[in-house]
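Only one structure is covered here, and it is reproduced in the block below.
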Amino acid sequence: MKSKQGNVGVVGAGISGLSAALSLSTFGIEVTVFERADDIRGEGVGIQLTPNASKSLKELGLLDEIIRKCFYPRQLVVNDMRSLKSLKEINLGNAMVKKYGFPYVTISRSVLHKALLEKCKKLKVKFKHGAAIRSVYQNEELVICENTNGQKSHFDYMCVCDGIRSQNNNLNLKNGLKTSGSVVFRKIYSNTDLVQVIQKNINVWMGDDCHLVSYPINSMGHINIVFAVNKKLVKKIMSISKKPEFLIDLLKIKNRTLIDLLKNIQDWKKWPLYNTGFITKVNHITEGRVLFMGDAAHPLYPHLAQGAAMALEDGRVLFKLLKKNKGIYDETFQEFATSRFRRCQRMQIESQINGHIFQLGWPLRDIRNMFIKTLGSRLIDKSWIYKF
Ligand SMILES: Cc1cc2nc3c(=O)[nH]c(=O)nc-3n(C[C@H](O)[C@H](O)[C@H](O)COP(=O)(O)OP(=O)(O)OC[C@H]3O[C@@H](n4cnc5c(N)ncnc54)[C@H](O)[C@@H]3O)c2cc1C
């Protein structure tokens, strides 16, 4: 087994790149992160951190800080947009800590990003901003990355963490991922007059060909809203940014709480959803001395709220292997890929299925609603995800 403590290059300073840099630098490995953007900062939108994500933050030494800055939602409330009453409430708070050992919290993505970045800086990770990497290749001894100005850097190992539209991953997509036609509209909305059920809980509202998720990201009344729309409905919905009442009418929304939430919202920010497919080979996660992490390795639909959680898990698993092997070895990446493959694949499959279930139309939606009412906890509180 060949040992290389040497240096590692990381492409991308998103959640997976920073988690990787943090794991590696904690072991005294020299890390350089290349980030395409001139400025490294996370977006101000919200993120749910499920217990598996909190556990990863704990092992990366960041949970205490995140706990001070996050929001503890009381319940996950599942609703049908057309029903007056909710279908199911699942307790989060202490119930999650008791069951999984770690909390289920929500936070602004920029707060999480900043915490990761500052810890990396304390550990002397080097950052190269405005450095877009256009190719990564390797020989027997080294990995070489080349930026768009043709400058080359050499490393012993490399982690590719350049996100869902990666140009350097191993998924063999000639022109990157294709858009699925479905979109997500996002909004951070601040209104302290909203009812407690919105201000304290994560709410999911299921509609025909769409669903909406809202949750607070702090105790100052900032609510993150994610509105996922299937491609069948996208054209009709394009004018929502101007007319909330049109949207309420179009979706036949009866739920009073949702009407109150939506009636003043305009200027949604639109994101395309990509057709992620499924990873089918271990070498989608590693090849030789290159490791692919986060969305670059296992792109996900957002319908399980697990993309960032998986990026943090990647960092945690790498950390565990470095600890077990007392450093980085040629076999470390292979071990990583073998241990992550099935879970990443299952997550991709279930994220897609979850989206379909949330967006069922008549008559299947009535059957779904019946199952949620009777078996809701078992269907929604997914222990295979949270226990990891
Ligand atoms: C609508 C929506 C809601 C979501 N909600 C949640 C949620 O609630 N909970 C959750 O866990 N996840 C959620 N996710 C998923 C989550 O945001 C992503 O899975 C996660 O951010 C992936 O992190 P990453 O580091 O792999 O990629 P990214 O965050 O995309 O980071 C990639 C980085 O690489 C840089 N980069 C790209 N190309 C290059 C290059 N060639 N050279 C150098 N740098 C490059 C980019 O500038 C970027 O900084 C959501 C996603 C969406 C779309």
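Before moving on, here are some points about what is shown:
- Sum of -39500 (n - 2.57) over DSSP H runs of 4+, divided by residues of the chain (222 nm, nearest 500): -11000 deg cm²/dmol
- Legend: residue pairs LYS99/LYS320; LYS269/LYS320; LYS69/LYS270; LYS98/LYS126; LYS69/LYS122, Cα-Cα distance threshold 29 Å; pairs beyond threshold, LYS269/LYS320; LYS98/LYS126.
- DSSP beta bridges fully contained in the chain are about 70 percent antiparallel.
- Packing around the peptides 289-302, 253-266, 225-238, 101-114, taken as the average count of other Cβ atoms within 10 Å per residue, puts them in this order, highest first: 289-302, 101-114, 225-238, 253-266.
- Under DSSP loop assignment and at most 14 Cβ neighbours within 10 Å, longest GluC sites (Glu not before Pro)-free interval of the chain: 142-330
- Ordering of 79-85, 210-216, 22-28 by burial proxy (mean other Cβ atoms within 10 Å per residue, highest first): 210-216, 22-28, 79-85
- Cα-projected label distance for GLN266 with THR192, points at 7 Å along beta-carbon direction, nm: 2.5 nm
- Contact order relative to length of the range 139-229, as percent, for alpha carbon pairs under 8 angstrom and 6 or more apart: 22 percent
- In percent, rounded to a whole number, the relative contact order of the chain is 24, using alpha-carbon pairs under 8 Å and six or more apart.
- Enclosed volume per residue, in Å³, of the convex hull spanned by Cα atoms of the range 51-96: 91 Å³
- When only alpha carbons are used to place a centre, the range 255-314 and the range 158-226 end up 8 Å from one another.
- When the chain is treated as a Gaussian network with alpha carbon springs shorter than 10 Å, the biggest mean-square fluctuation among GLN196, GLN345, GLN334 belongs to GLN196.
- Highest mean packing comes first when the peptides 125-135, 184-194 are listed by Cβ atoms within 10 Å, giving 125-135, 184-194.
Read-outs: derived from the displayed coordinates by stated rules, not from any lab. A quick note: this is a predicted structure, and the numbers were derived from the prediction, not measured. Quick reminder, even Gly has a Cβ in these numbers, built from the backbone with ideal geometry, and neighbours come from all protein chains shown.
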